[in-house]
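Take a look at the structure set out below.
Bear in mind these aren't lab numbers, they're just calculated from the coordinates by the rules spelled out. Bear in mind the structure is a predicted one, so any value in this text is a computation, not a measurement. When we count neighbours, we look across all protein chains shown, and the Cβ atoms used for this are built from the backbone with ideal geometry, even at glycine.
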Amino acid sequence: MKLCIEFGGGLELLFGNQKNYDVEVPADGSLTVRQLLPWARDNLLQDRPELFMKGDSVRPGILVLINGCDWELSGTLDAELQPGDEVVFISTLHGG
Amino acid sequence: MVALCSTCNKERAALKRPKTLEQLCRPCFFRALEDEVHATITSCRLFRAGERVAVAASGGKDSTVLAHMLTLLNARHGYGLDLLLLSIDEGIAGYRDDSLATVKRNEETYGIPLTVLSYRDLYGWSMDEIVREIGTRNNCTFCGVFRRQALDRGASLVGADKIATGHNADDVAETVLLNILRGDAPRLARCASAFTGAGGPLPRVKPFKWTYEKEIVLYAHFKRLDYFSTECVYAPYAARGFARDLIKDLEASAARPSAIMDLIHSAESWTVCLGDGGGDGGGGGGSDAAASDGAAAAAAGGNGSAAAAGGGGGGARRPRSCTRCGYLTSQPVCKACLLLEGLNSGLPRLGIGKVKGGRGSAAAAAGGGRGRGAERAAAGCGAQGCGGGGCGEVGAAAAAAGAAAAAEAGGRAGRPPRRAAVIEFESEGATR
C-alpha cells in the first residue's frame, strides 16, 4: 500500500534526518497503524527505536495525524489506512 | 469516517482535545485555545495595560506559539501591551545557534524587537565549556540557574516590567512532581502558580499554565508556525526527563489525560507550611493564594513573593541582594554566583546539592582561589573518584573521598586539610 509518511518535531533525527518518505508498505487488503508502526521502525528508523515506540504503540508524547487529523479520532492503533494516506508523526518531547 | 466538529457541526474534526475530549475542526480549535489562554490571562490578571512584556523566546514550540498568541490576543482584546522577544544564548553548539535563527525569523514575522544575551557575555562561560568541566550529569542545574538570572537581567536591560514564559500544563505538572520528589516545599508552594514574583522587580507569568503540550504542538503544526524542535543535546541526562516520561505515560498509556490537570490542581490545593525562615516564615506560603491570581499572590505578602524572587533552597527567607552581583536572592550569595565560583575555582560541583548556612564560607574555604584552569584532581569533589557520583548526593564514602582529595590539595599547598568545607558542601541546598 502506498503511503506518505512524515516525521516532525525532532523525530526526523531518528529517521536519517529525512522528514518525508513515500513508501510502499506490504499489506494484504487492510493495513492498520498498529501494523504500520513496526514496519516503519524496522524499515525506516535508523537510530534509537526506544524513542519511537513503546510496547506496540508510539512512545507517549508522539502525536499521530492521519490525513491531517488526530489519530484519536479514528481509533488510534486500530485506525485503518487507505492507499495514498498521509501519516504524520510529531514528537512533543523537546524543549519549548 | 472522521466525525464533524462538535462546535460548528460543519467542518471535519481535526483533533480530540485532551482536556475536554471535544472533537474540533481547526478553526474552532484555534479559537477555543486562544479563548482559554485569554481566560487565563484575564482571570489570573497576568497583565496590566501599558506594560512592557518580555516574551522569553527560545525558538521552540512553546515560546513560538506564545509569541504568536500574545501578539494576536494583544490586538484582539486590546491588552495594550508593549511586547518584545528576549533570547538567551547558552552556547550549545548545534542547538541554540540554530534555534536563535528561528527566533530571528519570529522577530520579523511578528514585528516584535528581539534582544539576545549569551551566557558567555553574562557569566564568562558557555554551556559547552561548563559541560567540559562538569560532565553531563548536573549540567542542567547550571543552565537553569543561569538562564533564570539571564532572563531577569536581560529583561531589566530592555526595560521590561514582566517576563512571560511558555511553560505549558505538562511542564507545570512535571515541576510539581519534581518538587515532590525533591521535597522542596517552598517551590512546591508556588510552582503551580501562573503568576510568580508579584512583589519583586520582575514578575513572571505563564499564560500557558492550563494549556496542554499536545495542543500547543498541534496549534503550531496546523498554523504552520516556524519553530525549532531539536532536543537539547544535554537534556537526555536531566532528571526532568524521567518526570516527563511518567507524565506522558499517565496521559497516554493510562488513558487519563486529566492526570496533568489533576497534578496542577492538587499542587494549588496544598498549603505548604514553611516553618523555618527566622521569623518571617510564619503563616507559610498559602498556595491557594499564590496559585490563582496576581492580586491574591501580591496580597499573600512578603513570604510568597520572597520565595519566588529569591529562589532559595530550604525555607523562605526575606529577599536581599547578593553580596557579589546584587541580584535578588534569599541567601548571602546567589546561586549563580555560587555556581560560578565553583567553576572559576576548579570546583565545578560546588553549587550542586545542599548547603546549610554559610554558603560563602564553604565556597571560600573549598575554592582556595584556584584559577579556572586548575587541575580537577586538586579540587576536592572535582576529583575523578567523585565524578560519577554527583557530589551533591554523596554519602559518607564520597565525603571521605572528598576529604582525602581536599587533604591532598591542602597538603600540596602546605595547609591543613579543610574538612569543614567538605562537610558543608555535602549538605548543600536543593537545586532547581
What distance in nm separates the simple spin-label points at B:Lys104 and A:Cys4, each placed 7 Å from Cα in the Cβ direction?
3.1
With 5 Å bins from zero, work out the P(r) of the stretch A:2-91 over every alpha carbon pair and list the percent per bin.
3, 14, 29, 29, 19, 5, 0
Looking only at other chains, what is the average number of their beta-carbon atoms within 10 angstrom of each beta-carbon in A:68-80?
5
Distance (nanometres) between label positions extended 7 Å along Cα→Cβ at B:Thr20 and A:Glu80
3.2
Based on the mean of other Cβ atoms within 10 Å per residue, sort peptides B:201-211, B:5-15, B:66-76 so the most packed one is first.
B:201-211, B:66-76, B:5-15
So, with points 7 Å from each Cα along the Cβ direction, the B:Arg52-B:Met261 label distance in nm works out to 3.9
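Can you tell me how much longer the chain between B:Asp245 and B:Leu4 gets when fully stretched, taken as 0.36 nm per residue apart minus their C-alpha distance, in nm with one decimal?
Here the segment from B:Asp245 to B:Leu4 would lengthen by 83.5 nm.
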When a/c reaches 1.5 or more, the comparison of a/b and b/c decides; with that in mind, is the stretch B:1-89 rounded, prolate or oblate per its Cα gyration tensor?
prolate
